[in-house]
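Let me begin by presenting the structure, written as structure tokens, before commenting on it.
Derivation of every value follows stated rules applied to the coordinates shown; laboratory data play no part. These figures come from a predicted structure and were not determined experimentally. Neighbour counts run over all protein chains shown; Cβ positions are idealised from the backbone, glycine included.
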Amino acid sequence: MGLTQQLLGLATRRPRCYVVEAPGGASQRMAVERELDARGWRPAWSPASADVLAVCGELLPELAQAADLLWSQLPGPRARMTVTDPGEAGAGLDEVRRQLTDDPAQRRAARERDRDEVSPRLASHGEMGHGEMGHGEMGHGEMGHGEMGHGDMEMAPGGIALAEGAEDRDGLEMDVLTHPLGPLLDRWPGGLELRLTLHGDVVGDASAQRWGSQERHRPFQVVAWDAVATTLSLAGDERGARAARGIRAAMIDEVEVPTRRAAKLRTRVARLAAWSVVPDSVATTLLDLTSDADHAPRPTVRVGDLVRGHDLADVRLLIASHSPLLTTDEHEAAARD
Amino acid sequence: MTELLQGVLVAAGIAAAVLALAWASSAALAVGAGRPAATALGDPLLEVCRLLRQRRRTTVSADVALWRLGGWGLLPVALLLGALVPWGEESLVPTSLGVVWANTLDVLVWALVWLLGWGANSVAGLVGGYRFLALALAYELPLMFALVAPAMAASSLDLAVIAGSQEGLWYAVWMPAAFVAYLLGVLGFAVRGPLSAPAGQETSGGVLAELSGPDLLVVRLGRHALLGAGAAVAVPLFLGGGSGPWLPDPMWVVVKALVLTASLAYLAGRLPVLRVPRLLEIGWVVVLPLVVLQDLVVAVVVVT
């Protein structure tokens with residue numbers, strides 16, 4: 001018993017959280033990220049290997065389904081938390097860790113899950129097939145299930161619609177695949193849903209929709225440094241990302257921003273952009289904008305135009321680095337509603 | 001009987017050494033990425049416990065057999081690489097073609113990583129798998145030409161002979177381009193640091209996106225072990241093998257391999273992920289000509 005307890009303690013000492021932002025939940029997400037940094041817990045980069053699903057902000061009822069789908073991708077032992085107040089991030093993390101440590105409860109939950117979720121995807125296929133909302137598959141594995149309203153089972157092995165053919169940019173026939181990103185995804189603007197038409201791994205077309213409203217009262221500098229942190233983190237530069245999160249935290253707390261560290265990070269980001277590790281926009285647009293006055297008019301970028309023609313791998317970097325400037329195609333959103 | 005026992009013991013020793021190198025790689029990588037050293041050293045143990053407790057999962061219509069083969073194959077490849085290294089007088093696998101075998105094993109990784117991406121039946125995985133193939137094009141050719149240099153200088157493909165022929169002057173010193181190209185290749189087949197685009201976070205982990213529990217554990221372990229084993233192979237190739245004062249030969253090999261692994265992983269942790277098209281440019285326009293030039297220099301030196 002002693003050994004089991006010890007191993008359990010080791011296994012749950014630093015759980016991995018999959019952190020997603022609900023629409024308007026940016027400040028909650030920043031609080032959770034800060035708390036994770038302070039504890040030395042590393043986030044999970046995909047739900048498949050996560051122990052905890054952390055939803056930051058309050059979910060719209062429409063997005064609850066997307067969150068449930070994400071939740072079903074966590075292998076377990078698992079715990080779920082919703083952070084609605086930035087001040088509660090620490091307590092929430094303590095609570096999920098306690099839940100993970102509760103071995104009997106986890107075993108019970110796993111048994112129940114095996115019984116209930118025979119195949120959640122297939123079971124939900126019928127009821128979701130007609131739905132106009134794109135309940136955020138996050139693009140891993142279970143993508144595209146049932147959102148093709150016409151997906152008859154013969155053409156859809158395992159409930160996944162087959163790729164269809166279309167002309168590629170060079171005029172040759174190529175398989176195209178509809179690949180959704182969002183509305184709930186780690187390091188992703190809360191509630192942004194992007195439906196990509198992929199030719200191979202190149203985005204042929206993209207349509208975007210935004211669920212819920214964004215909070216607009218945060219100073220632009222915080223938003224910009226947040227975008228820098230997210231972009232660097234996605235580009236695998238954890239050192240730079242942490243530094244950017246530090247600067248962001250100083251701005252939120254309204255303490256003195258370490259100007260030398262900020263300047264150093266700016267040069268680093270500029271160098272990374274020169275090496276095309278991160279999109280140019282981080283260095284040229286964002287960081288220049290951070291030095292401007294808060295009320296200066298800012299350019300906006302339409303999501304669809306931004307990602308069309310790029311690699312799938314570039315999409316998230318582009319979205320992250322442009323996140324403060326993004327607008328979705330309003331007409332399209334209206335048409336969907 | 002005693003011979004068999006001895007063989008088993010040596011094999012166990014090599015496995016332990018490769019695992020220790022994997023540990024060093026994991027810790028140094030985390031320190032490079034800005035994690036405190038004490039935390040980074042403990043992380044592997046915590047992660048092993050965490051992932052052993054986590055349940056396995058599959059995806060819809062996954063090609064499970066090939067998927068698992070891709071994941072569970074990486075660690076054996078790393079162990080075989082370790083078995084090629086002459087830790088003492090000779091390697092566990094007696095062969096006069098060590099360089100060729102090392103190259104064969106690293107090419108095997110192509111198939112394994114691609115299968116890992118293919119098997120999950122997910123967009124992220126498949127994109128990751130194909131990105132790896134593009135990346136492999138960038139690092140493999142320079143790596144092959146880099147292997148030519150020490151073999152040519154020693155007039156042998158035997159790692160032990162190559163190690164023995166570096167009296168006084170390590171090949172790393174007068175073949176820097178080949179050494180760097182080789183290390184770049186190690187990062188490539190370990191899918192680490194600047195060459196980790198196939199497992200990049202911008203594609204939600206690419207080939208790793210759908211892995212959980214023990215399946216993820218062996219892939220992570222396998223990649224760290226590959227980095228360590230690749231560095232261990234560099235010891236006879238470029239760093240004079242077991243030669244050195246005071247310590248016995250096997251100790252020197254271990255020490256050199258540890259230091260090389262830790263430095264390489266630290267560097268990998270500090271650097272961001274390079275875009276794949278960018279890497280192809282670097283690999284073929286910059287590194288490849290340099291390595292070929294290096295081979296030419298070595299050939300001229302050997303002939304004269």
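For chain B, the relative contact order comes to 29 percent (Cα pairs under 8 Å, sequence separation of at least 6). Look at B:Phe189, B:Phe179 and count the other Cβ atoms within 10 Å of each Cβ; fewest to most, that gives B:Phe179, B:Phe189.
Panel order for A:Ile319, A:Ile247, B:Ile282, B:Ile162, by other beta carbons found within 10 Å of each beta carbon, from fewest to most: B:Ile282, A:Ile247, B:Ile162, A:Ile319. For the range A:13-86, what log10 I(q)/I(0) values come out of the Debye formula at q = 0.20, 0.23, 0.24 1/Å, with one point per alpha carbon and no solvent? Values returned for q = 0.20, 0.23, 0.24 Å⁻¹ are -0.80, -1.03, -1.11. The amide H of A:Arg80, built 1.01 Å from its N in the peptide plane, has A:Leu53 as neighbours under 5 Å, considering only residues 5 or more places off or on other chains.
Among the residues of A:36-48, the average count of other protein chain beta-carbon atoms within 10 Å of the residue beta-carbon is 5. Across the range A:2-116, Cα pairs under 8 Å and at least six residues apart give a relative contact order of 28 percent. When chain B is treated as a Gaussian network with alpha carbon springs shorter than 10 Å, the biggest mean-square fluctuation among B:Val77, B:Val254, B:Val123 belongs to B:Val123.
Taking B:Gly119, B:Gly230, B:Gly168 as the candidate residues, the one with maximal mean-square fluctuation in a Gaussian network model of chain B, Cα springs under 10 Å, is B:Gly168. Rounded to the nearest 20, the size of the Cβ-charge dipole of the protein assembly as shown about its Cα centre is 2060 debye, with Lys and Arg at +1 and Asp and Glu at -1. If you plug the beta carbon distance of B:Val100 and B:Thr2 into 1/(1 + (r/R0)^6) with R0 = 45 Å, you get a FRET efficiency near 0.90. Where only DSSP H runs of four or more residues are counted, chain B gives -23500 deg cm²/dmol as its mean residue ellipticity at 222 nm, each run worth -39500 (n - 2.57).
A Gaussian network model of chain B, with springs between Cα atoms under 10 Å, assigns the largest mean-square fluctuation among B:Ser263, B:Ser61, B:Ser243 to B:Ser61.
Across peptide B:28-35, the average count of Cβ atoms from other chains found within 10 Å of a residue's Cβ is 3. Neighbour counts of C-beta atoms inside 10 Å place A:Thr82, A:Thr328 in the sequence A:Thr82, A:Thr328, starting with the fewest.
For the segment A:315-322, counting C-beta atoms of other chains within 10 Å of every residue's C-beta and taking the mean gives 2. Ranked by the mean number of other Cβ atoms within 10 Å of their residues, highest first, the peptides A:97-109, A:40-52 come out as A:40-52, A:97-109. Once you wrap a convex hull around the alpha carbon atoms of chain B, what is its projected area averaged over all directions, in nm²? That works out to 16.3 nm², a quarter of the Cα hull's surface.
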